[in-house]
Amino acid sequence: MDHIDQEILQLLKNNGRMTSSEISRQVHLSVPAVSERIRKLEESAVIDRFTVKLNREQLGQQLLAFIMVQLEKPEHVEEFRKVILQADSVLECHHMAGAYDYMLKVALSGTKELERLISDTIKQVPGVVKTNTMIVLSSMKEEM
C-alpha cells in the first residue's frame, strides 16, 4: 500500500459514495487505475465494507454512553456475547484487559432506556457482577 492508496482510503473514509471519477481527479490517476486500486484494497480486506454513518440524534438516539462490564468467570462469556449481539442499542462491544472485561458503546433515546438496558438486559446475564456507566456529554471526534 503506497501513499496514493492511503489518499484513496482517506477520501473514501470521508465520503464512501465518492465515485472513482471524483477520486481520480483528486489523486491524479485514471479512473480505471483508481477502480483497480479500490478493488485490490477490497480483495486484501483493507476495505472491509462500505457503510453509512447514521445521525443518531435524528433517529431519536440522543443519549450516548459507555458501559463497562465485569464478568465473574470465563464460562459466562458465551451467554454474555449472545445477549449483546442481539441488543440493537449496542453499537460496539470490546473485550478489554484491566478491571472490566467488556466495554459497550450504546446509543439510546434517554436515561429510562439506558436504565432498562442495564437493569433488564445486561445485569440479567448470568455472571455479570459489576457495571460502570459513563454518559457522553458531547463528542468532538467520532470515526467509524
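The values are calculated or read from the model by the stated rules, or taken from the named source; none is laboratory data. Small disclaimer: the values here were computed from a predicted structure and weren't measured. Cβ coordinates were reconstructed from backbone atoms using ideal geometry, including for glycine residues, and neighbour counts include every protein chain displayed.
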| remark: A careful count of residues in the stretch 50-68 that are without any contact (Cβ under 8 Å) to a residue 60 or more places away in the chain and of a type outside the set (D, E, K, R) gives 9
| said: Of everything in the stretch 13-31, what is farther than 19 Å from residue 144 by Cβ and either outside any helix (DSSP H, G or I) or of a type in the set (Ser, Thr, Tyr) (or both)? Give them in sequence order. | reply: 19, 20, 21, 24, 28, 29, 30
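Do we find a residue being outside the structural domain of residue 111 (by TED's automatic domain parsing) and on the phi > 0 side of the Ramachandran plot anywhere in the stretch 15-24?
So in the stretch 15-24, the residues outside the structural domain of residue 111 (by TED's automatic domain parsing) come out as 15-24.
Keeping just the survivors that are on the phi > 0 side of the Ramachandran plot gives none.
No, because not a single residue in the stretch 15-24 is outside the structural domain of residue 111 (by TED's automatic domain parsing) and on the phi > 0 side of the Ramachandran plot.
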| query | Is it true that some residue in the stretch 76-96 is part of a helix (DSSP H, G or I), more than 21 Å from the chain's Cα centre (by Cα) and without any contact (Cβ under 8 Å) to a residue 24 or more places away in the chain? | reply | no
| Odd one out for residue 71 among (1) in contact with a strand residue (DSSP E or B) (Cβ under 7 Å, 6 or more places away or on another chain); (2) without any contact (Cβ under 8 Å) to a residue 12 or more places away in the chain | (2)
| Can you spot a residue in the stretch 120-139 that is exposed (fewer than 13 other Cβ atoms within 10 Å of the Cβ), part of a helix (DSSP H, G or I) and not assigned by TED's automatic domain parsing to the domain that holds residue 24? | yes
| task | Would you tally the residues in the stretch 55-65 being assigned to a strand (DSSP E or B) and over 16 Å from residue 121 (Cβ atoms)? | result | 1
| message | Among (1) modelled with pLDDT of 95 or more; (2) surrounded by 14 or more Cβ atoms within 10 Å (Cβ to Cβ), there is one condition residue 61 misses while meeting the rest; what is its number? | response | (1)
